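Okay, so here's the structure we're looking at.
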Amino acid sequence: MLQPLSQSPKIDCDLHITLPTTQKLLPFLDSYWHEQVTTRGIDRLELTSDLSNIPAAVRPDWRGAIDLEQVQTKALDEMGTDIAICNCLYGSQAVYNQDLAAALCRATNDWLIAEWLNKDDRFRASIVIPWQSPELAAEEIERRAPDRRFVQVLMMALGEMPLGKRQMWPIYAAAEKHGLPIGIHAGTIYRSAPWTNGWPSYHIEDQVAQSVGFQTQLLSLISEGVFEKFPNLNVVLLESGVTWLPSFLWRIDKLWRGLRMEVPWLKCAPSETVRQRVRLTMQPFDGPNDPQIVRDMIDQIGEDMLLFSTDYPHWHFDGANFAPEGFGADLMNRLRTENPMNTYARLREV
């Protein structure tokens, strides 16, 4: 049974749990997929990479095995975190075989329960889904939604198609039914180039292009009418950065005024829909060190739209100095408590 929380719990909305090897999923696969995965050597494939010792990916003081004790100490205790939403990025979302992808996602969610959620009441998690098949993804949401410790559905920013397309709507119907936000995390399944004009050469290009991926996916969700079709569905952009949003909202509103006959289902300005239904985690915070510029930017975005996150163990986070210049105590309290509680309905149940 979950323990009662304080009246003002401190919430981390993006903490990464890394599945160290595919072999860890074998106990959670049924007999058929256990045999398939071992016979075909999939258990020896690294569909996920353990980031714990990669200098380019992990803060120096957070390197080492990403095990339960380290996460409890570094990401929870030292940060004063009462609730952490665990996002497990795993390669099952890139597998071409939809049935295999579904089996691996089921196993991943069961592994999260056994190895993390059952061992510390402070953990919550996102449901990992095989979004290659929206029907199978909806089935996995239905299977795991009764466990109230799952508070979100996890997808990625760059995939096979724009997320607003009607083929994806079974996912949103299942998520809305159970009061689960859709979390869209930075990342790609590498089915196509992250740029429309081809493949970049360097990692820095891929990293910068992620924000463009978020913009196109958000634009797709708006234009295709997802927020109108599913009026109780919210979306959280995870690890998206934040500075791109004001200019994006200005541009889409301006063009909507001239082209809205093309999307008559949009009854209000897109910026209004975004401010009501979309939230962003604050890491990586890509603003300048000038507190006045940061305050102006926050005023443009809106204080209600930002959620506190550490992005543990990635290198984006500033450690103990997690409040950027211009973020006062009142704002940080809103980001760490009020905004997450308003975004994730299931966090209010305890």
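The values are calculated or read from the model by the stated rules, or taken from the named source; none is laboratory data. Here the structure is a predicted model, which means the values were calculated and not measured. Positions of Cβ are backbone-derived with ideal geometry, glycine not excepted, and every protein chain shown enters the neighbour counts.
In table form, for the structure just shown:
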| read-out | value |
| --- | --- |
| Selected residue (only one of PRO200, PRO181, PRO194 is closer than 25 Å to ASN333 by Cα, surrounded by 15 or more Cβ atoms within 10 Å (Cβ to Cβ) and not hydrophobic (A, V, I, L, M, F, W, C)) | PRO181 |
| Qualifying positions in region 53-70 - assigned to a helix (DSSP H, G or I), surrounded by fewer than 19 Cβ atoms within 10 Å (Cβ to Cβ) and at pLDDT below 85 | ASN53, PRO60, ASP61 |
| Odd one out for PHE214 among (1) free of Cβ contacts under 8 Å to residues at least 40 places away in the same chain; (2) touching a Phe, Trp or Tyr at 6+ places or on another chain (Cβ under 8 Å) | (1) |
| Residue among GLN167, GLN152 that alone is surrounded by 22 or more Cβ atoms within 10 Å (Cβ to Cβ) and at pLDDT 95 or above | GLN152 |
| Flag for TRP265 being hydrophobic (A, V, I, L, M, F, W, C) and free of Cβ contacts under 8 Å to residues at least 24 places away in the same chain | no |
| Identity of the residue in region 257-295, closer than 20 Å to ASN232 by Cα and basic (Lys, Arg), that ends up surrounded by the most Cβ atoms within 10 Å (Cβ to Cβ) | ARG279 |
| Whichever residue in region 263-277 is out of contact with any Phe, Trp or Tyr (no Cβ under 9 Å at 6 or more places or on another chain) and either aromatic (Phe, Trp, Tyr) or assigned to a helix (DSSP H, G or I) (or both) and, among such residues, is farthest from PRO340 (Cα to Cα) | TRP265 |
| Within region 287-310, considering residues that are touching a residue at least 60 places away in the same chain (Cβ under 8 Å) and in contact with a Ser or Thr (Cβ under 6 Å, 6 or more places away or on another chain), the one nearest to ASP77 (Cα to Cα) | SER309 |
| Top-ranked residue of region 1-35 - restricted to ones that are in a loop (DSSP other than H, G, I, E, B) and modelled with pLDDT of 85 or more, ranked as farthest from HIS185 (Cα to Cα) | ASP30 |
| Failed item, numbered, when LEU249 is tested on (1) crowded, with 18+ Cβ neighbours inside 10 Å; (2) within 22 Å of SER126 (Cβ to Cβ); (3) out of contact with any Phe, Trp or Tyr (no Cβ under 6 Å at 6 or more places or on another chain) | (2) |
| Extreme residue, farthest from GLU239 (Cα to Cα), among residues of region 127-137 that are crowded, with 22+ Cβ neighbours inside 10 Å and among the hydrophobic types (A, V, I, L, M, F, W, C) | ALA137 |
| Among (1) under 22 Å from the mean Cα position of the chain (by Cα); (2) exposed (fewer than 15 other Cβ atoms within 10 Å of the Cβ); (3) at pLDDT 85 or above, the one test that ASP318 misses | (3) |
| Filter result for the condition that a residue is in a helix (DSSP H, G or I) and either over 13 Å from the mean Cα position of the chain (by Cα) or surrounded by 15 or more Cβ atoms within 10 Å (Cβ to Cβ) (or both), over GLU160, GLU205 | GLU205 |
| VAL278 touching a residue at least 60 places away in the same chain (Cβ under 8 Å), closer than 12 Å to ILE222 by Cα and not hydroxyl-bearing (Ser, Thr, Tyr) | yes |
| Residue that is nearest to LEU347 (Cα to Cα) [pool: residues in region 112-122 that are out of contact with any helix residue (DSSP H, G or I) (no Cβ under 9 Å at 6 or more places or on another chain) and part of a helix (DSSP H, G or I)] | LEU117 |
| Residue within region 232-243 that is touching a Gly at 6+ places or on another chain (Cβ under 6 Å) and within 26 Å of ALA145 (Cα to Cα) present | yes |
| Leading residue by the ranking (farthest from LEU335 (Cα to Cα)) among those in region 36-52 that are modelled with pLDDT of 80 or more and surrounded by fewer than 18 Cβ atoms within 10 Å (Cβ to Cβ) | THR39 |
| Residue in region 126-141 that is in a strand (DSSP E or B), among the hydrophobic types (A, V, I, L, M, F, W, C), closer than 19 Å to THR188 by Cβ and within 19 Å of the chain's Cα centre (by Cα) present | yes |
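Per-residue answers, yes or no, for (1) touching a residue at least 40 places away in the same chain (Cβ under 8 Å); (2) assigned to a loop (DSSP other than H, G, I, E, B); (3) surrounded by fewer than 24 Cβ atoms within 10 Å (Cβ to Cβ):
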{"residue": "GLN72", "(1), (2), (3)": "yes, no, yes"}
{"residue": "ASP110", "(1), (2), (3)": "yes, no, yes"}
{"residue": "ARG124", "(1), (2), (3)": "yes, no, no"}
{"residue": "ARG143", "(1), (2), (3)": "no, no, yes"}
